[in-house]
Amino acid sequence: VQLQASGGGLVQPGGSLRLSCAASGTFSRIAIMGWYRQAPGKQRELAASITIGGNTNYADARFIISRDNEKNTVGLQIDSLKPEDTGVYYCFAKVFNGDGYDDWWGQGTQVTVSS
């Protein structure tokens, strides 16, 4: 499974950003897709996730996650960006392997919120 993330960049405070991630490879089902983020000097933390059934989990009310199960893509919209949103955002997928689940990670995309 490969996860390709895109959409990071430099954004001014108060702006919005949309991250996208596409999964490719051979797999039967992706149970959960989502995003973790890691701020400088901090541990990686969950930003948002969405199950194959559409159930969502958010770390912040400014995040909106969406998913296309047919295309195996997940998107994350972040509104009202703050400097503390700066960090590397990692796409992840929990993929069914026939017996259980494996976690897969994308390469990370940098988000910098600064004026």
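The values are calculated or read from the model by the stated rules, or taken from the named source; none is laboratory data. Being a predicted model, the structure only gives us computed values, none of them experimental. Positions of Cβ are generated from backbone atoms using ideal geometry, with glycine treated the same way; all protein chains shown enter the neighbour counts. In case anyone asks, the SASA skips ligands and DNA or RNA and just uses the protein heavy atoms, side chains included. Shrake-Rupley method; radii C 1.70, N 1.55, O 1.52, S 1.80 Å.
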By residue number, the members of region 10-50 that are open to solvent by less than 30 Å² (accessible area, probe 1.4 Å), touching a residue at least 60 places away in the same chain (Cβ under 8 Å) and assigned to a strand (DSSP E or B) are VAL11, LEU17, LEU19, CYS21, ALA23, ILE30, ALA31, MET33
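I'm checking my understanding of the structure. Among residues of region 51-73 that are among the hydroxyl-bearing types (Ser, Thr, Tyr) and free of Cβ contacts under 8 Å to residues at least 40 places away in the same chain, which one is nearest to ALA22 (Cα to Cα)? Can you show your working first?
Quick first cut of region 51-73, residues among the hydroxyl-bearing types (Ser, Thr, Tyr) only: 51, 56, 58, 66, 73.
Restricting the remaining residues to those that are free of Cβ contacts under 8 Å to residues at least 40 places away in the same chain gives 51, 56, 58, 66.
On the way: THR51: 15, THR56: 18, TYR58: 20, SER66: 12 Å.
Residue satisfying both the conditions and the ranking: SER66.
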Among the candidates GLY54, GLY87, which residue alone is open to solvent by less than 20 Å² (accessible area, probe 1.4 Å) and either more than 16 Å from GLY8 (Cβ to Cβ) or over 10 Å from the mean Cα position of the chain (by Cα) (or both)?
GLY87
Can you tell me which condition SER80 does not meet? The list is (1) touching a Gly at 6+ places or on another chain (Cβ under 7 Å); (2) without any contact (Cβ under 8 Å) to a residue 60 or more places away in the chain; (3) open to solvent by 60 Å² or more (accessible area, probe 1.4 Å), and all the others hold.
(2)
